[in-house]
Amino acid sequence: MPKIDIAALPIKTGSSYPGHRAALMGDRSQIGLGDPSGITQFGVNLVTLGPGALSSLRHWHEQQDEFLMVTQGVCTLIDDTGETELVTGDCAAFPAGDPNGHHLVNKSDKDAVFLVVGTRTATEVGYYSDEDMMVTVENGAYHFTRKDGSDLD
């Protein structure tokens, strides 16, 4: 397997969240490692959270597993059970269908970096724990609605 030149890959900033929700992520960026390497069965991203940044809104997936490992710094995992500090080398897993909404927050004054691996499915539904919002994904297109399916905002 050829070495992946991470420095040559594009850095994605911003968020796909609609409206004011996108700004809530703060200084978050990610580098997609799965697509450039030809991997098709799961996604792989290297995510950097600047001080105060969120990985996402608290969420859970119907069909997709998620696994992450902190590779630099300190992240705070926030889920339905509370807050857990994750340091370099710590891992967390979120099985598909488990409605334990989760996300990471960088509460430190230095960058934090984590590797996240997740199942790829042609379709998916995700739910946001702290907002009346869900997302449906089909062929890479995201559609955000209220949990009852009605339009947002």
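Only one of GLU131, GLU83, GLU124 is open to solvent by 70 Å² or more (accessible area, probe 1.4 Å) and of a type in the set (Asp, Glu). Can you tell me which?
Details: GLU131 fails: open to solvent by 70 Å² or more (accessible area, probe 1.4 Å); GLU124 fails: open to solvent by 70 Å² or more (accessible area, probe 1.4 Å).
The conditions single out GLU83.
Within region 16-32, take every residue that is in contact (Cβ under 8 Å) with a residue 40 or more places away in the chain and open to solvent by 20 Å² or more (accessible area, probe 1.4 Å) and give me the one that is farthest from ALA122 (Cα to Cα). First the steps, then the outcome.
Going through region 16-32, the residues in contact (Cβ under 8 Å) with a residue 40 or more places away in the chain turn out to be 16-19, 21.
If we keep only those that are open to solvent by 20 Å² or more (accessible area, probe 1.4 Å) too, we end up with 16-19.
Details: SER16: 18, TYR17: 20, PRO18: 22, GLY19: 25 Å.
Here the residue is GLY19.
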Whether any residue in region 36-54 is small (Gly, Ala, Ser) and in contact with a Phe, Trp or Tyr (Cβ under 6 Å, 6 or more places away or on another chain) is what I want to check.
no
Of the residues in region 134-153, those that are in a strand (DSSP E or B) and open to solvent by 40 Å² or more (accessible area, probe 1.4 Å) come to THR136, GLU138, ALA141, TYR142, HIS143
Note down all Cβ pairs under 7 Å where the first residue falls in region 131-153 and is farther than 15 Å from HIS61 by Cβ, the second is in a loop (DSSP other than H, G, I, E, B) and open to solvent by less than 50 Å² (accessible area, probe 1.4 Å), and they're at least six residues apart or on different chains.
GLU131/LEU57; THR145/LEU152; ARG146/LEU152; LEU152/PRO18
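Given the residues HIS20, HIS102, HIS59, which is the only one that is closer than 27 Å to ARG146 by Cβ and modelled with pLDDT under 95? Quick ask: steps written out before the conclusion?
Numbers: HIS102 fails: modelled with pLDDT under 95; HIS59 fails: modelled with pLDDT under 95.
Just a single option satisfies the conditions, and that option is HIS20.
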The conditions are (1) touching a helix residue (DSSP H, G or I) at 6+ places or on another chain (Cβ under 9 Å); (2) surrounded by 16 or more Cβ atoms within 10 Å (Cβ to Cβ), and PHE42 fails exactly one of them. Which is it?
(2)
Among SER29, SER15, which is part of a strand (DSSP E or B) and either of a type in the set (S, T, N, Q) or touching a Phe, Trp or Tyr at 6+ places or on another chain (Cβ under 9 Å) (or both)?
SER29
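Can you tell me which residue in region 45-64 is least open to solvent (accessible area, probe 1.4 Å), limited to those that are more than 14 Å from GLY126 (Cβ to Cβ) and of a type outside the set (A, V, I, L, M)? First the steps, then the outcome.
Going through region 45-64, the residues more than 14 Å from GLY126 (Cβ to Cβ) turn out to be 45-54.
Add one more test, that the residue is of a type outside the set (A, V, I, L, M), and what stays is 45, 48, 50-52.
Details: ASN45: 42, THR48: 40, GLY50: 1, PRO51: 70, GLY52: 54 Å².
Applying the filter and picking the extreme gives GLY50.
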Exactly one of (1) open to solvent by 50 Å² or more (accessible area, probe 1.4 Å); (2) assigned to a strand (DSSP E or B); (3) closer than 17 Å to HIS59 by Cβ is unmet by THR71. Its number?
(3)
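The values are calculated or read from the model by the stated rules, or taken from the named source; none is laboratory data. All figures in this text were calculated on a predicted structure; none of them were measured in a lab. With ideal geometry, Cβ positions are generated from the backbone for all residues, glycine too; neighbour counts draw on all protein chains shown. Just so you know, the surface numbers come from the protein's heavy atoms only, side chains and all, with ligands and any DNA or RNA stripped out. Shrake-Rupley method; radii C 1.70, N 1.55, O 1.52, S 1.80 Å.
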